[in-house]
1. Would you confirm, using the coordinates I've provided, whether Tyr73 is more than 16 Å from the chain's Cα centre (by Cα), surrounded by fewer than 16 Cβ atoms within 10 Å (Cβ to Cβ) and within 20 Å of Ala168 (Cβ to Cβ)?
2. Restricting the search to the range 130-151, which residues are among the hydrophobic types (A, V, I, L, M, F, W, C) and either in contact with a helix residue (DSSP H, G or I) (Cβ under 6 Å, 6 or more places away or on another chain) or outside any strand (DSSP E or B) (or both)?
3. Can you tell me how many residues within the range 125-144 are closer than 15 Å to Leu160 by Cβ, in contact with a Gly (Cβ under 9 Å, 6 or more places away or on another chain) and hydrophobic (A, V, I, L, M, F, W, C)?
4. Looking only at the range 136-162, how many residues end up being of a type in the set (Ser, Thr, Tyr) and surrounded by fewer than 19 Cβ atoms within 10 Å (Cβ to Cβ)?
5. Quick one: how many residues across the range 119-135 are crowded, with 19+ Cβ neighbours inside 10 Å and of a type outside the set (A, V, I, L, M, F, W, C)?
6. When you look at Leu65, is it touching a His at 6+ places or on another chain (Cβ under 9 Å), in contact (Cβ under 8 Å) with a residue 40 or more places away in the chain and surrounded by 16 or more Cβ atoms within 10 Å (Cβ to Cβ), yes or no?
7. Given the criteria in contact (Cβ under 8 Å) with a residue 40 or more places away in the chain, out of contact with any Pro (no Cβ under 7 Å at 6 or more places or on another chain) and either of a type in the set (Asp, Glu) or assigned to a loop (DSSP other than H, G, I, E, B) (or both), does Leu127 qualify?
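None of the figures in this text is laboratory data; all of them are computed from the coordinates on show. Please read these numbers as outputs of a predicted model, since none were measured by experiment. Cβ atoms come from the backbone with ideal geometry, glycine included; neighbour counts cover every protein chain shown.
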Amino acid sequence: MSITGFTYAQWNDLIVISNTMEFGHLTLRFVYPLDFSDIDDASKDVGKLNCYYADPDPQEGYKILTIAITNAYSGYEAYCDFTLKNIGTLPDHIEAVVITQTLGLEVGENYTDVNNNPVGWRFDDALTDEPVLYVYVYKDTHSSLVCNTLNRGDELQSKLSIRVTDNAKECQSYGFQVQVMYGQVP
């Protein structure tokens with residue numbers, strides 16, 4: 001009888017292993033500070049820039065930078081200083097800057113820095129194919145945001161500049177959105 005009890009106990013022993021595993025995550029967001037300004041001809045004083053973040057992330061920050069220019073004239077220049085922050089747990093590697101233009105604009109040409117990474121875009125009027133805006137997105141050193149790596153908690157101070165050409169229409173509004181695509185460090 002004791003052998004039967006021992007055998008039963010051996011075959012019915014229960015071992016419980018409990019474990020919690022947490023994997024890191026990649027999350028790069030636009031965060032404050034966000035500042036913008038323009039160089040406006042005092043005699044005209046008509047151009048206006050609005051630069052703001054959109055599509056909030058519940059954790060922290062925003063997914064999109066939105067730019068709106070109203071009533072600009074040829075030669076109008078505007079600037080937006082924005083901040084990117086790695087709010088994830090893994091290093092983020094910036095892979096691309098994506099600019100989505102509004103109706104009436106189309107991307108004409110792209111410009112690159114010395115490392116052949118995108119840093120500038122020319123927007124053309126969709127009807128006339130004439131250049132109306134030159135947009136540059138870069139780090140403080142005038143190099144592309146692409147190929148920069150941000151470790152957990154790191155911030156990258158970045159700039160956007162806009163110049164309106166002679167082909168811009170009077171009383172016209174122009175706008176676009178900026179998103180930054182990122183992935184794991186290669």
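1. Criteria not met by Tyr73.
2. Matches in the range 130-151: Leu145, Val146, Cys147.
3. Adding up the residues that qualify gives 2.
4. 5
5. Residues flagged as crowded, with 19+ Cβ neighbours inside 10 Å and of a type outside the set (A, V, I, L, M, F, W, C) within the range 119-135 amount to 2.
6. No.
7. Considered against the rule, which asks whether it is in contact (Cβ under 8 Å) with a residue 40 or more places away in the chain, out of contact with any Pro (no Cβ under 7 Å at 6 or more places or on another chain) and either of a type in the set (Asp, Glu) or assigned to a loop (DSSP other than H, G, I, E, B) (or both), Leu127 comes out as no.
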